[in-house]
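To start, the structure itself, in structure tokens.
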Amino acid sequence: MKPVAIGRKNRLFVDSLLAGHRAASLMSLMGSCSRCQVEPWAWLRTVLTDLPRDGSAESLLPDTWLRQHPQHRWTIAEHRREERYRKNNL
């Protein structure tokens, strides 16, 4: 619930319609990374460097990219889940 409220407050300051579309696209991509358990910054760094050279967006989708870069699997959600479990069961 907290990310929704924070995001709502941050979106108040989007300056124009075009900026709103860009922000929505970026948030959607970051949400895809989170859902596919991809480390967002590693994925974004690769996309921004490889897309201009390669031009094929299909191989740079988060789920496809993770199969090629398994070392960048994002495990923070699992760690937080384990911490909550330990905290509640002590």
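The values are calculated or read from the model by the stated rules, or taken from the named source; none is laboratory data. Quantities reported herein were computed from a predicted structural model and do not represent experimental measurements. Cβ placement follows ideal geometry from the backbone for every residue including glycine, while neighbour counts extend to all protein chains displayed.
The set of residues from the range 52-63 being more than 19 Å from residue 31 (Cβ to Cβ) and surrounded by 10 or more Cβ atoms within 10 Å (Cβ to Cβ) comprises 54, 59. Against the list (1) part of a helix (DSSP H, G or I); (2) at pLDDT below 85; (3) loosely packed, with under 12 Cβ neighbours inside 10 Å, the condition residue 71 fails is (2). Only one of the listed residues (66, 48) is assigned to a helix (DSSP H, G or I) and surrounded by 11 or more Cβ atoms within 10 Å (Cβ to Cβ). That residue is 66.
Total residues in the range 1-45 satisfying the condition of being at pLDDT below 75 and either assigned to a helix (DSSP H, G or I) or closer than 28 Å to residue 81 by Cα (or both): the figure is 11.
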